[in-house]
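The values are calculated or read from the model by the stated rules, or taken from the named source; none is laboratory data. All values reported here derive from a predicted model rather than from experimental measurement. Counting neighbours? That spans all protein chains shown, and the Cβs are built from the backbone with ideal geometry, glycine included. Note: accessible area is taken over every heavy atom of the protein model, side chains too, but ligands, DNA and RNA are not part of it. Shrake-Rupley method; radii C 1.70, N 1.55, O 1.52, S 1.80 Å.
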Amino acid sequence: MALLRAALASLVLCCAVQSALAMSAVARLPRARGRPLLRAPATCRPHAQSMLLAPAGVVLAGQFAPSLPVALSLNTVLCGAALLKGQKALTPAGLFNAWILGVVLWATMGGSAWLICVIYLVGGTAVTKVGKAKKEALGISEGRGGMRGPENVWGSAATAAICALLTVVLPEQAMLLQLGYVASLATKLSDTFASEIGKAYGRTTYLITTFQLVPKGTEGAISLEGTVAGVGGSLIIALAAYLMTPPMISPLGVGLSLVAAFVACNCESLIGATAQDKVPWLTNEMVNFFNTAIGAVVAKGYSLPSSSEHWDPSIVHRPSGTSRLTSLASMVHICRIIAVAGGYQRQR
């Protein structure tokens, strides 16, 4: 909670400074009589104007605009405050890597994306502590008392960081990458909620491949309680992204994020049941990366329009058969490659 309070306080201060700078910049703009201050070119098509609405809102509001100086100062202040408070959510190395991640997110996608990642961190840390004594007695609790290290930071957020960096390289795909960003973090929080609540309160645990009864904490195990909690975790991230100003995703994007998270988490369970114990390099962090990557691919694959026209988030597109097949084929191939690798290791 101390970390969250420090984050909110720093964010409020940053918002005030950025708003003042933005207002002063707007006040210095030349005004022509009889003409509006901001005017879209007459040649802009409707979907292009709608694409400009969100960035313009960010720039004028000032609070959440991508900015490297703000990213460096805000994340440095937060990390310093966390060290002084003696936070227990991250190891020292994990905190440094979280600083790098925070700088990347704010500098490329702005404060809204950064805040979504903070919500994931707070939610994931909080749910890890649920039923902690019970999980420790069973020997299935998180190591280091639930503290996250560098491998946890990047295993959970590498896909999100890639989506953020790609918005700089592919600005015309920024809205689609934004959806992938949200879906990846929704997938990861869903996985964390499902795992931690399932281990703490799951009454009956089944192996996803055979539906045989297995002990709690078994790789690839699922439970009703964990599954329901996982849906709740993805809903937290998706709704938070939708409620940002301006929204990061549309109502359709909320639904796509929930579906993508559900599909990806079940794929992650399949990977855990078939390959994780048999492939040396397939650590929990690598599985988490594949999990979030599948979530992003599924969400983006199902949202692509059937035509070559630029993607417009204000229009509910019906994904084409090709888009559906592309996303599903990508997901199946990832699972197949990992399962085959597991089979090869077992034969050796």
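Does Ala241 fit the bill of being open to solvent by less than 10 Å² (accessible area, probe 1.4 Å), in contact with a Pro (Cβ under 9 Å, 6 or more places away or on another chain) and at pLDDT 95 or above?
Criteria met by Ala241.
If you scan the range 211-239, which residues turn out to be of a type in the set (A, V, I, L, M, F, W, C), part of a loop (DSSP other than H, G, I, E, B) and within 17 Å of Asn291 (Cβ to Cβ)?
Within the range 211-239, no residue meets the criteria.
Which residues, counting only those in the range 176-196, are over 27 Å from Lys216 (Cβ atoms), touching a Gly at 6+ places or on another chain (Cβ under 9 Å) and of a type in the set (A, V, I, L, M)?
Of everything in the range 176-196, those that are over 27 Å from Lys216 (Cβ atoms), touching a Gly at 6+ places or on another chain (Cβ under 9 Å) and of a type in the set (A, V, I, L, M) turn out to be Leu179, Val182, Ala183.
Of the residues that sit in the range 152-173 and are more than 30 Å from Gly226 (Cβ to Cβ) and touching a residue at least 40 places away in the same chain (Cβ under 8 Å), which one is least open to solvent (accessible area, probe 1.4 Å)?
Thr167
Only one of (1) closer than 23 Å to Leu252 by Cβ; (2) modelled with pLDDT under 95; (3) open to solvent by less than 10 Å² (accessible area, probe 1.4 Å) is not met by Ala183, so which one is it?
(2)
When only residues in the range 186-204 that are within 27 Å of Val122 (Cβ to Cβ), touching a Leu at 6+ places or on another chain (Cβ under 8 Å) and not basic (Lys, Arg) count, which is surrounded by the fewest Cβ atoms within 10 Å (Cβ to Cβ)?
Gly202
In the range 245-257, what residues are in a helix (DSSP H, G or I) and open to solvent by less than 50 Å² (accessible area, probe 1.4 Å)?
Correct list: Gly253, Val254, Gly255, Leu256, Ser257.
Quick one: Asn284 ticks every box in (1) within 25 Å of Glu136 (Cα to Cα); (2) open to solvent by less than 60 Å² (accessible area, probe 1.4 Å); (3) in contact (Cβ under 8 Å) with a residue 40 or more places away in the chain bar one, so which box is it?
Every listed condition holds for Asn284 apart from (2).
Just to be sure, is Ala164 closer than 25 Å to Gly94 by Cα and aliphatic (A, V, I, L, M)?
Here the answer is yes, as Ala164 does meet what is asked.
Give me a count of the residues in the range 86-96 that are open to solvent by 30 Å² or more (accessible area, probe 1.4 Å) and at pLDDT 90 or above.
3
Which pairs turn up if I take residues in the range 193-210 that are part of a strand (DSSP E or B) and look for partners that are β-branched (Val, Ile, Thr) with beta carbon separation below 7 Å, at least 6 apart in sequence or on another chain?
Matching pairs, first to second residue: Tyr206/Val214; Tyr206/Ile222; Leu207/Val214; Leu207/Thr218.
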